[in-house]
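A.B. asks: Have a look at the structure that comes next, please.
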Amino acid sequence: MTEDGEGLPLADRLARRIRVLLISGELSPGQRLSEAAFSDRFDVSRNSLREAFRLLTKDGLLHHEANRGVFVTVPSMASIIDIYRVRRMLECGALRQAWQRHPAIKAMREAVGAAKRERDKRDWIGVANANMRFHAAVIDLSDSVRLNEFYERIAAELRLCFGLLKDPEHLHAPFVDMNDAIVTLLEENRPHEAAAQMETYLNLAERTMLKALERASELA
């Protein structure tokens, strides 16, 4: 199977393309998805698109409302806590067993460089995109196609969480240098220290996310 899903059934390929839109931040929590618009965009039948929507609904990324249509899921506090629980298991585990010469470490370094450039421009969406690439590269350290596919779902849910926050600078700015420290530890062949740093990172990120959502709900 290739990166774009070649060899998968059409509905699975469509689901993957929509998932990429979620990860990139192009789709927002609570957004209604038009069957007609997406059918035209992907040049597919509505039946194929509905099957893709069904697969993404099963993953918890979309939900159907009777007589209203299909909407992007709005993450709950409970789902955020679970996302970070899974991330600690996957990302810290990948770092602990990382090989110093693994090509994913170069991808992590490139993502950090991109995040710093976007931070200098105060483009927080760009910082978020670079951050997503960094963490996808962390999972690549495991050399597991199954984990990569699973993490795509987690990354899509995570990006939906980002979409709920009104202050992206507060969420993303502190973590660029932490990413830099993590990849530096790998480059120095200190994988266990990198894993410990990632656990600190994820604990802080989870608290930041939950506090921001709590404040947003109080103001709503």
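A.B. asks: From the list LEU27, LEU49, exactly one residue is in contact (Cβ under 8 Å) with a residue 24 or more places away in the chain, assigned to a loop (DSSP other than H, G, I, E, B) and open to solvent by less than 20 Å² (accessible area, probe 1.4 Å). Which is it?
C.D. replies: Details: LEU49 fails: assigned to a loop (DSSP other than H, G, I, E, B).
Exactly one of LEU27, LEU49 is in contact (Cβ under 8 Å) with a residue 24 or more places away in the chain, assigned to a loop (DSSP other than H, G, I, E, B) and open to solvent by less than 20 Å² (accessible area, probe 1.4 Å), namely LEU27.
A.B. asks: Which condition breaks for VAL44 when tested against (1) out of contact with any strand residue (DSSP E or B) (no Cβ under 9 Å at 6 or more places or on another chain); (2) open to solvent by less than 40 Å² (accessible area, probe 1.4 Å); (3) at positive phi?
C.D. replies: It fails just one condition, (3).
A.B. asks: Separate question: Of all residues in region 113-133 being under 15 Å from the mean Cα position of the chain (by Cα) and open to solvent by 40 Å² or more (accessible area, probe 1.4 Å), which is nearest to LYS166 (Cα to Cα)?
C.D. replies: Top of the filtered list is ILE125.
A.B. asks: A follow-up question, please. Pick from ALA107, ALA196, ALA136: which is open to solvent by 20 Å² or more (accessible area, probe 1.4 Å), at pLDDT 95 or above and within 26 Å of VAL72 (Cα to Cα)?
C.D. replies: Values: ALA107 fails: within 26 Å of VAL72 (Cα to Cα); ALA196 fails: within 26 Å of VAL72 (Cα to Cα).
None of the others qualify; the one that does is ALA136.
A.B. asks: Check off (1) open to solvent by 20 Å² or more (accessible area, probe 1.4 Å); (2) touching an Asp or Glu at 6+ places or on another chain (Cβ under 8 Å); (3) over 18 Å from ARG13 (Cβ atoms) for ARG32 and give me the number that stays unchecked.
C.D. replies: Of everything listed in (1) open to solvent by 20 Å² or more (accessible area, probe 1.4 Å); (2) touching an Asp or Glu at 6+ places or on another chain (Cβ under 8 Å); (3) over 18 Å from ARG13 (Cβ atoms), ARG32 misses just condition (2).
A.B. asks: On to the next question. Test of understanding: among VAL72, VAL86, which residue is in contact with a Gly (Cβ under 7 Å, 6 or more places away or on another chain) and of a type in the set (A, V, I, L, M)?
C.D. replies: VAL72
A.B. asks: Residue under question is LEU141, and the condition is that it be under 17 Å from the mean Cα position of the chain (by Cα) and either at positive phi or open to solvent by 30 Å² or more (accessible area, probe 1.4 Å) (or both); does it hold?
C.D. replies: Working: under 17 Å from the mean Cα position of the chain (by Cα): yes; either at positive phi or open to solvent by 30 Å² or more (accessible area, probe 1.4 Å) (or both): no.
Criteria not met by LEU141.
A.B. asks: Quick one: which residue in GLU157, GLU149 is crowded, with 20+ Cβ neighbours inside 10 Å and under 17 Å from the mean Cα position of the chain (by Cα)?
C.D. replies: On the way: GLU149 fails: crowded, with 20+ Cβ neighbours inside 10 Å.
None of the others qualify; the one that does is GLU157.
A.B. asks: Still on this structure, please answer the following. Does any residue of region 81-94 turn out to be within 30 Å of GLU214 (Cα to Cα), not polar (S, T, N, Q) and not in a helix (DSSP H, G or I)? Please lay out each step first, then the result.
C.D. replies: Restricting attention to region 81-94, the residues satisfying the condition of being within 30 Å of GLU214 (Cα to Cα) are 81-93.
Okay, now just the ones that are also not polar (S, T, N, Q), so 81-93.
Right, trim to not in a helix (DSSP H, G or I) and you get none.
No, that holds for no residue.
A.B. asks: Right, next: When only residues in region 161-193 that are under 17 Å from the mean Cα position of the chain (by Cα) and at pLDDT 95 or above count, which is surrounded by the most Cβ atoms within 10 Å (Cβ to Cβ)?
C.D. replies: Restricting to residues being under 17 Å from the mean Cα position of the chain (by Cα) and at pLDDT 95 or above, the top hit is ASN179.
A.B. asks: If you scan region 63-96, which residues turn out to be in contact with a Lys or Arg (Cβ under 9 Å, 6 or more places away or on another chain) and crowded, with 18+ Cβ neighbours inside 10 Å?
C.D. replies: Within region 63-96, VAL70, VAL72 meet the criteria.
A.B. asks: Could you grab me the full set of residues in region 68-110 that are of a type in the set (Phe, Trp, Tyr) and within 23 Å of ASP143 (Cβ to Cβ)?
C.D. replies: TRP99
A.B. asks: Here is a further query. Starting from region 73-84, take each residue that is closer than 16 Å to ILE23 by Cα and list its partners that are surrounded by fewer than 14 Cβ atoms within 10 Å (Cβ to Cβ) and small (Gly, Ala, Ser), counting only C-beta distances under 7 angstrom and pairs at least six apart or across chains.
C.D. replies: Hits for this filter: VAL74/GLY30.
The values are calculated or read from the model by the stated rules, or taken from the named source; none is laboratory data. Since this is a predicted model, take the numbers as computed values, not measurements. With ideal geometry, Cβ positions are generated from the backbone for all residues, glycine too; neighbour counts draw on all protein chains shown. Ligands, DNA and RNA are excluded from the accessible area calculation, which covers all protein heavy atoms including side chains. Shrake-Rupley method; radii C 1.70, N 1.55, O 1.52, S 1.80 Å.
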